[in-house]
Structure formats: structure tokens, C-alpha cells
Amino acid sequence: MVFKENFYVGYSDVGKDFCISNTAVLKIFENVACMHSSYANDSMKTSASRWFLKSYRVKIHSRPEQEEKVTACTWGRGTKGVSASREFEIYDEKGKLSVTGISNWVRVNAETLKPERVEAELFSAYGSEQDKTNFGNLWIEKLKEPEEYISEKEFYIDRNFIDANNHVNNVFYLDLASLALPEEVYEKGEAGEFEIMYRKAIRYGETVKCLFGETENAYYVTVKSADLSETYAIVMLYK
């Protein structure tokens, strides 16, 4: 089953060019995935389990503009043990495919946070589409840090970063990466393709360091603990 819902691109969803931002794309993904979960009787408000995001890969083919009504589609691709793969599409007002994305998740108990196997009944409730894909493989390859970094910025995690699961919302990792970019990179505009790998949740009151690096094909921002001993996430922005 492909789950569909309509969204409106408002002023808070666009950048300086009045086109949808990468952050707004992830917010649409997040919301349509939650709607799909509710449809499958797996709402996070009532379920004893949760889906924790492990990684994203997103391609922006074109950017819907402010005041457009877009259609977001999502479907499950498959599961393996405690893990699941989900894809997304966003179509603009004229029906043109504008954004594609794939994500990997892990199923955990809401109380203990220990991984739980994805049962066949749950898989069936979501009505997965195993053969429908824009990416091929179900699983996103793990990102590796660049060999060296050029600069770093430090951020205190205040209440505005925290979501209903009591940790930094998945979308805000992209915001942190954007804030860590050197001005000359930021001024080039948002990446048309990016990946995020989540390793560990960030809690309220923590201080993190965002390390910026560059390779031939991409910019990297790695989010680490203040003492650099732990890695929370890696964001890769294709050039």
C-alpha cells in the first residue's frame, strides 16, 4: 500500500528563493510517516513500541514553491529482524515527481528502548510495497567520516530542539549541519541530494560540536559530543 496525503507549502517551509527547503521536506516525510503509522493502528501515542530513525537519503529533483499544494507518498519496502525500510515521494501541484527519499528504521520498546523484532502482522498492517522503489537496495550504506575536518562550531541543546520522544528531533540534525557550514558554502544554496546517519540521540542540556569537512564530491558535518568521544550523527551534502 502507498499511503498518500496532501500538504501545503507555507512561508515557514521555504528558503530565500521561496522554494521548499530541505528541512521542510524532512518535516513532510516525518508527518506522512506518522500518518501512515496511525492508519496501521501503530500510532506513537498508543503503541508500546516506537520507530527510531537510523538514516535518510534524499534527492531533490525540483523544488515546489510557496503556496503550492503537494502530495506526499510513503510506503514500506521491507523488514529484517528489528529493522525496516521506508521510501517517500513528493509530487508538486502539477503532478511532477519533485522529491524522492529512502529511510531506515529500528523498532524499539517505548519503555526499555531495547530493539524489538518487526513481526509479520505489523508488516502486513502497513501494506508494504516490496518492489516499488526509486533507490533499489532497501538498506542505506553507513556513512564514514572524512579523514580530516576544516572547522567546528559548538552548540548548546536547548528546549527548542527537543521533541515528544525527549531527544533532539531528527529534522534538527539537518539544521545543525546548516549552521555549521562556512558562509561561502552556505551561500551556494541547499544541497540537491543529502544523507543523514543517526548514531545516538542527543538530549536536552548537552553541548555538541559540529565538525565541518569536505571531500571531492560532498560536504560533511559530523555531530559529536563536546569532548569528541561520541558521534551522534553524520550529515553528507552532495556537491
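Computed from the coordinates by the stated procedures, all read-outs in this text should not be read as laboratory data. Keep in mind that this is a model prediction, so the values were computed, not measured. Glycine gets a Cβ as well: all are built from the backbone with ideal geometry, and neighbour counts include every protein chain shown.
Can you check what the net charge comes to around Met44, using other residues whose Cβ is under 15 Å from the Cβ of Met44 (Lys, Arg +1; Asp, Glu -1)?
Local charge sum for Met44: -1.
Largest first and in whole Å, what are the equivalent-ellipsoid semi-axes of the chain based on the Cα gyration tensor, each being the root of 5 times an eigenvalue?
So the three semi-axes of the chain are 27, 23, 17 Å.
What is the list of residues in region 86-109 whose amide nitrogen lies under 17 Å from a point 7 angstrom out from the Cα of Asn31, following Cα to Cβ?
Once the point is set 7 Å along Cα→Cβ of Asn31, 88-93, 99 turn out to lie under 17 Å by backbone N, inside region 86-109.
Quick one: length gained pulling Tyr156 to Asn134 fully straight, 0.36 nm per residue minus the C-alpha distance?
Between Tyr156 and Asn134, full extension yields an extra 4.2 nm.
For Glu230, enumerate residues with amide H under 5 Å from its amide H, sequence gap 5+ or separate chain, H modeled in the peptide plane.
Ser225
Taking the mean number of other Cβ atoms within 10 Å as a proxy for protection, how do you rank 7-13, 83-89 from highest to lowest?
For the peptides 7-13, 83-89, the packing ranking is 83-89, 7-13.
If each DSSP helix of 4+ residues adds -39,500 (n - 2.57) and the sum is divided by the residues in the chain, what number results at 222 nm, nearest 500 deg cm²/dmol?
-4500 deg cm²/dmol
I'd like to compare 169-177, 204-212: which one has the highest average count of other Cβ atoms within 10 Å, and what's the full order after that?
169-177, 204-212
Test of understanding: ordering His61, His36, His167 by Cβ neighbours within 10 Å, fewest first, what list do you get?
Listing His61, His36, His167 from fewest to most nearby Cβ atoms yields His61, His167, His36.
Using unit Cβ charges (K, R positive; D, E negative) and no other charged atoms, how large, in debye to the nearest 20, is the dipole of region 3-125 about its Cα centre?
So the magnitude is around 440 debye.
Rg over Rh of region 151-238, using C-alpha atoms and the Kirkwood radius, what does it come to?
Rg/Rh: 0.95.
For a label point 7 Å from the Cα of Ala201 along Cα→C-beta, name the residues of region 49-76 whose backbone N is under 16 Å from it.
Residues 49-55 fall inside that zone.
Rounded, prolate or oblate: which fits region 110-205 when a ≥ b ≥ c are the square roots of the eigenvalues of the alpha-carbon gyration tensor, with rounded for a/c under 1.5 and prolate only if a/b beats b/c?
oblate
What distance in nm separates the simple spin-label points at Glu141 and Glu214, each placed 7 Å from Cα in the Cβ direction?
Here the answer is 2.3 nm between the modelled labels.
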